[in-house]
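Undergrad: A single structure is presented below for examination.
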Amino acid sequence: MELICPAGTPAAYREAVQAGADAIYCGFRDETNARNFPGLNFTRDEMKAAIAFGRSRGVDTYVALNTFMRAGAEDIWYRAADDAAAAGATALILADMALMDYVATKHPDQRLHVSVQASASNAVAVNFLVESFGAKRLVLPRVLTVAEIAALARKVSCELEVFAFGGLCVMAEGRCSLSSYVTGKSPNMQGVCSPASHVRYREDGGDMVSELGGFTINRFGKNEPAGYPTLCKGRFHIADSDAYAFEDPVSLDVMDHLDALRAAGVKALKIEGRQRGKAYVAEVVSSLRRALSASPQARPAHVAQLRKLSEGQQTTSGAYEKKWR
Amino acid sequence: MKLDRTGEDLLNQKRPMDIPRPLVFAVNTTPLPIVQKIVDAVFRRALRQHPNLFDRLGSYAEKRFGFSPTGLDLAFEIHPATPSISVYRKRQAPDTDAAVTGPLVMLLALLEGRIDGDAMFFSRSLSVTGDMEAMLALRNALDDCGFDLPKDLAGLAGPFAVPFQELANRVRSRALEGLA
């Protein structure tokens, strides 16, 4: 299986190449991708240079243009698609069907991947995108079990890519409005979930309180591992207890299911984390590269240490094995 | 970047290397104007070595960033737009738009992009306050610029540049082990 790695900066891109990535996904420095964070991402020139660097070492580059086009401002996305194709991107990762149509029409030879943001999770939806726009690969939402992925793989006519490690989005991706509800900005339109502009941390009697858009999202006791202030992983006062309503601060790790995913027909494993630093990219990519070539018995040793880098310093296999069902 | 650490090493919780007490004493008692002069020289040299350092900041270059190393009676304020760095004793440090507090070794490792800032935040080893958008922009700018402190600062040691760099590399290796 291919190892698809994140890069938020040219430095992280180089680290991913050196650590053993098969392909790297990255985005332009604007609202056309779902990690539109300050100081992150690539200028046009940086993208061209990164793609050339990757190609010289046999590493593919997938350019994420996976937000939904703003009405009246479609040119921003069209130009980004034109520029990514001209720069030599191996594939474009798209969520908006109108942008898929543009790419399929204007750049018919350009390989097209369907972003997780498209939230395509059944065979009818996937095959529609394949037949309509020539999509070659689908990045699956993180809401399916391994058995459901295997069943889907038998019914679709494109490659499947699944998230294997990193941030865990537990919502219907591309359709989640929690961030919009609190901040007015979302990953779907502006490319930011829980934008830093609306995040505040403060100390309160030894506790660390995280806030998003003026709402308290969590309160961490002294030395308690912390997480991002996203609504879906907030701790709320419910009835008589303080509890996580949707999900704990936790990251995804499905390396225990590697063989099952391979048997299911999954073509590529994706590491989440374009917003993370190059040290994270280097360590996670090299660890997963070693794990991929290790025996099932030896695999946990390669991955265990990554828990320390994870949100809340804990990992889960999430929906891939729905224990709560 | 080579990270030659075994899983077992990483699972053993370690703490950042302590700054040697004589050094802490020296820093805390050296007159501030002298500390300012040394820090200025280091800052100017870093900017010469990495002239594009603040490019990724965009409008956030106008913000004032505070750095407060625990264990030292010093606080630093950086204003990228000027660009300038100011040193204060902690009780006299001004409010900044965004600030980060943590062990000095950790702050230096972050400066070089050798550790992941989010992971340090999750483990509660660092605390960040103020304008998170500005702080995120600075973190990303630093992460991409490729600081290598022993190499970048060796020139300040004049004829002792080579032994300085070798010693600094050894100190850094030991310090990073403590952060693993």
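The values are calculated or read from the model by the stated rules, or taken from the named source; none is laboratory data. In this text, all values refer to a predicted model and were calculated from it rather than measured experimentally. Note: ideal-geometry Cβ built from the backbone for every residue, glycine included; neighbour counts use all protein chains shown. Each accessible area value is taken on the protein alone, full model and side chains, heavy atoms only, with ligands, DNA and RNA left out. Shrake-Rupley method; radii C 1.70, N 1.55, O 1.52, S 1.80 Å.
Undergrad: Residues to consider are A:39, A:27, A:72, A:54; find the one that is of a type outside the set (A, V, I, L, M, F, W, C), buried (at least 22 other Cβ atoms within 10 Å of the Cβ), out of contact with any Pro (no Cβ under 9 Å at 6 or more places or on another chain) and free of Cβ contacts under 8 Å to residues at least 40 places away in the same chain.
TA: Numbers: A:27 fails: free of Cβ contacts under 8 Å to residues at least 40 places away in the same chain; A:72 fails: buried (at least 22 other Cβ atoms within 10 Å of the Cβ); A:54 fails: free of Cβ contacts under 8 Å to residues at least 40 places away in the same chain.
The conditions single out A:39.
Undergrad: One residue is enough: does region A:296-316 have a residue meeting the conditions within 14 Å of chain B (Cβ to nearest Cβ), touching a helix residue (DSSP H, G or I) at 6+ places or on another chain (Cβ under 8 Å), on the phi > 0 side of the Ramachandran plot and in contact (Cβ under 8 Å) with a residue 12 or more places away in the chain?
TA: Yes, region A:296-316 has at least one match.
Undergrad: Restricted to region A:77-106, and to residues that are in contact with a Ser or Thr (Cβ under 8 Å, 6 or more places away or on another chain) and of a type in the set (Val, Ile, Thr), which residue is least open to solvent (accessible area, probe 1.4 Å)?
TA: A:93
Undergrad: Scan region B:47-84 for residues that are farther than 20 Å from residue B:133 by Cβ, hydrophobic (A, V, I, L, M, F, W, C) and in a loop (DSSP other than H, G, I, E, B) and jot them down.
TA: B:72, B:74
Undergrad: Go through A:144, A:212, A:168, A:160 for me and flag whichever is open to solvent by less than 50 Å² (accessible area, probe 1.4 Å), without any contact (Cβ under 8 Å) to a residue 40 or more places away in the chain and among the hydrophobic types (A, V, I, L, M, F, W, C). Working first, answer last.
TA: Details: A:144 fails: without any contact (Cβ under 8 Å) to a residue 40 or more places away in the chain; A:168 fails: without any contact (Cβ under 8 Å) to a residue 40 or more places away in the chain; A:160 fails: without any contact (Cβ under 8 Å) to a residue 40 or more places away in the chain.
Result: A:212 is the single residue among A:144, A:212, A:168, A:160 that is open to solvent by less than 50 Å² (accessible area, probe 1.4 Å), without any contact (Cβ under 8 Å) to a residue 40 or more places away in the chain and among the hydrophobic types (A, V, I, L, M, F, W, C).
Undergrad: Shifting gears a bit: Quick one: which residue in A:209, A:266 is aliphatic (A, V, I, L, M), under 17 Å from residue B:126 (Cβ atoms) and either modelled with pLDDT of 90 or more or out of contact with any Asp or Glu (no Cβ under 6 Å at 6 or more places or on another chain) (or both)?
TA: Working: A:266 fails: under 17 Å from residue B:126 (Cβ atoms).
Sole residue among the options that is aliphatic (A, V, I, L, M), under 17 Å from residue B:126 (Cβ atoms) and either modelled with pLDDT of 90 or more or out of contact with any Asp or Glu (no Cβ under 6 Å at 6 or more places or on another chain) (or both): A:209.
Undergrad: Tell me which of these residue B:100 doesn't satisfy, since it passes every other one: (1) part of a strand (DSSP E or B); (2) open to solvent by 20 Å² or more (accessible area, probe 1.4 Å); (3) more than 8 Å from chain A (Cβ to nearest Cβ); (4) without any contact (Cβ under 8 Å) to a residue 40 or more places away in the chain.
TA: Residue B:100 satisfies all of (1) part of a strand (DSSP E or B); (2) open to solvent by 20 Å² or more (accessible area, probe 1.4 Å); (3) more than 8 Å from chain A (Cβ to nearest Cβ); (4) without any contact (Cβ under 8 Å) to a residue 40 or more places away in the chain except (2).
Undergrad: Could you check residue A:66 against (1) within 14 Å of chain B (Cβ to nearest Cβ); (2) crowded, with 24+ Cβ neighbours inside 10 Å; (3) under 19 Å from the mean Cα position of the chain (by Cα); (4) not basic (Lys, Arg) and say which number it fails?
TA: Just one mismatch for residue A:66, condition (1).
Undergrad: Please determine, by comparing only the residues of region B:107-142 that are among the polar types (S, T, N, Q) and in contact (Cβ under 8 Å) with a residue 40 or more places away in the chain, which one is farthest from residue A:312 (Cα to Cα). Let's see the steps before the verdict.
TA: Within region B:107-142, the first condition is being among the polar types (S, T, N, Q), and the residues that meet it are B:123, B:125, B:127, B:129, B:140.
Subset that is in contact (Cβ under 8 Å) with a residue 40 or more places away in the chain: B:125, B:140.
Values: B:125: 13, B:140: 21 Å.
Here the residue is B:140.
Undergrad: Is it the case that region B:106-116 has a residue that's within 10 Å of chain A (Cβ to nearest Cβ), more than 14 Å from the chain's Cα centre (by Cα) and not charged (D, E, K, R)?
TA: No; the residues of region B:106-116 include none that is within 10 Å of chain A (Cβ to nearest Cβ), more than 14 Å from the chain's Cα centre (by Cα) and not charged (D, E, K, R).
A quick yes/no check of all residues on (1) at pLDDT below 95; (2) aromatic (Phe, Trp, Tyr):
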site: B:1; (1), (2): yes, no
site: B:14; (1), (2): yes, no
site: B:27; (1), (2): yes, no
site: B:58; (1), (2): yes, no
site: B:61; (1), (2): no, no
site: B:76; (1), (2): no, yes
site: B:96; (1), (2): no, no
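Undergrad: Right, something else. Can you say whether residue B:87 is more than 14 Å from chain A (Cβ to nearest Cβ), touching a helix residue (DSSP H, G or I) at 6+ places or on another chain (Cβ under 7 Å) and part of a strand (DSSP E or B), as far as the supplied structure shows?
TA: On the way: more than 14 Å from chain A (Cβ to nearest Cβ): yes; touching a helix residue (DSSP H, G or I) at 6+ places or on another chain (Cβ under 7 Å): yes; part of a strand (DSSP E or B): yes.
Judged against the criteria, residue B:87 is a match.
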